[in-house]
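Below: one structure, written as structure tokens.
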Amino acid sequence: MNWKNRLIGLIGPRGVGKTTLVLQYIKNNLDIRQTLYVTVEDFYFAKNRLTDLADTFVKSGGTYLFIDEIHKYPDWSKELKLIYDYHKDLNVVFTGSSVLDIKKGSSDLSRRALVYTMQGLSFREYLALFHQIKVPKFSLEDILNLKVDVPQIPHPLPLFSDYLKKGYYPFSLEDDFDLRLQQVVNQTLETDIPVYAEMNVATGRKLKQLLAIVAESAPFKPNMSKIADMLNISRNNIADYLLYMEEAGMVAQLRAETGGVRG
């Protein structure tokens, strides 16, 4: 990440470690006296605006402002734009759990903000964090041509199997992983997506059923008509729902490699 940019966005699915990354950067690289970290969920924002906070902070000698969960703040993109334009010496970093809302608003900031997307752990990162095994990066070409040599791991399959079960989220190192994972799924499907797409609560429940179908069937080529019948919803909505879920980090879709208009 280019931390020197005056306005940085860090977005990605819930639970992948965005807040941890930001707090680690503050602790390791910045002067605490000139740095402020806030979360938009704080009661302070029930009566105060982000622009007022930034103004007061700058007058107190502040230079780095970190704003967490910004998608929960109404008109966040307009206020960030104003903060960027008014305070030339202030560096702002914002994070958002709901990929959806951030993408919706970031078009206003396209010339000002550098927006990075954070994923969960790769298998290599999982090995380092969970088992203290350092493995160099390998390209897909190297892997396909059998050029990967990791002498510390004579049998990678058991580790890879464990990675598929719980290795994507760093919080699986903590207790009650299953419960926490369930909360991430529920929050995303019952709150984040419905709020973004202006759906009702019942549709949020349908998203959970759709995720269950995908989870039991993947990898597969989705038959939209069949799924629509199973969920008792319009066939035209299924593609949209899958796209929302993909944006939120719940599923991944592979598209056909086709050129031209058809692509």
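The values are calculated or read from the model by the stated rules, or taken from the named source; none is laboratory data. Computed from a predicted model, the values in this text were never measured in an experiment. All Cβ positions, glycine included, derive from the backbone under ideal geometry; neighbour counts span all protein chains shown. With ligands, DNA and RNA removed, areas are computed over all heavy atoms of the protein, side chains included. Shrake-Rupley method; radii C 1.70, N 1.55, O 1.52, S 1.80 Å.
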Considering residues of the range 229-263 that are in a loop (DSSP other than H, G, I, E, B), β-branched (Val, Ile, Thr) and surrounded by 12 or more Cβ atoms within 10 Å (Cβ to Cβ) only, the residue farthest from the chain's Cα centre (by Cα): ILE233
Sole exception among (1) modelled with pLDDT of 90 or more; (2) hydroxyl-bearing (Ser, Thr, Tyr); (3) over 23 Å from VAL184 (Cα atoms) for SER110, by number: (1)
Yes/no for ASP149 being at pLDDT below 90, more than 30 Å from VAL92 (Cα to Cα) and of a type in the set (D, E, K, R): yes
Selected residue (only one of ALA228, ALA212 is in contact with a helix residue (DSSP H, G or I) (Cβ under 9 Å, 6 or more places away or on another chain) and hydrophobic (A, V, I, L, M, F, W, C)): ALA228
Matching entry among LYS208, LYS165, LYS226 (being open to solvent by less than 90 Å² (accessible area, probe 1.4 Å) and among the basic types (Lys, Arg)): LYS208
Single condition THR117 does not satisfy, out of (1) among the β-branched types (Val, Ile, Thr); (2) under 19 Å from the mean Cα position of the chain (by Cα); (3) farther than 30 Å from ILE83 by Cβ: (3)
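Quick grid of which residues meet (1) of a type outside the set (S, T, N, Q); (2) touching a residue at least 12 places away in the same chain (Cβ under 8 Å); (3) within 21 Å of PRO13 (Cβ to Cβ):
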{"residue": "LEU211", "(1), (2), (3)": "yes, yes, yes"}
{"residue": "ALA215", "(1), (2), (3)": "yes, no, yes"}
{"residue": "PRO222", "(1), (2), (3)": "yes, yes, yes"}
{"residue": "ASN232", "(1), (2), (3)": "no, no, no"}
{"residue": "GLY249", "(1), (2), (3)": "yes, yes, yes"}
{"residue": "VAL261", "(1), (2), (3)": "yes, no, no"}
Those strands (runs of 3 or more DSSP E) lying entirely in the range 1-112 with at least 2 residues hydroxyl-bearing (Ser, Thr, Tyr): 35-39
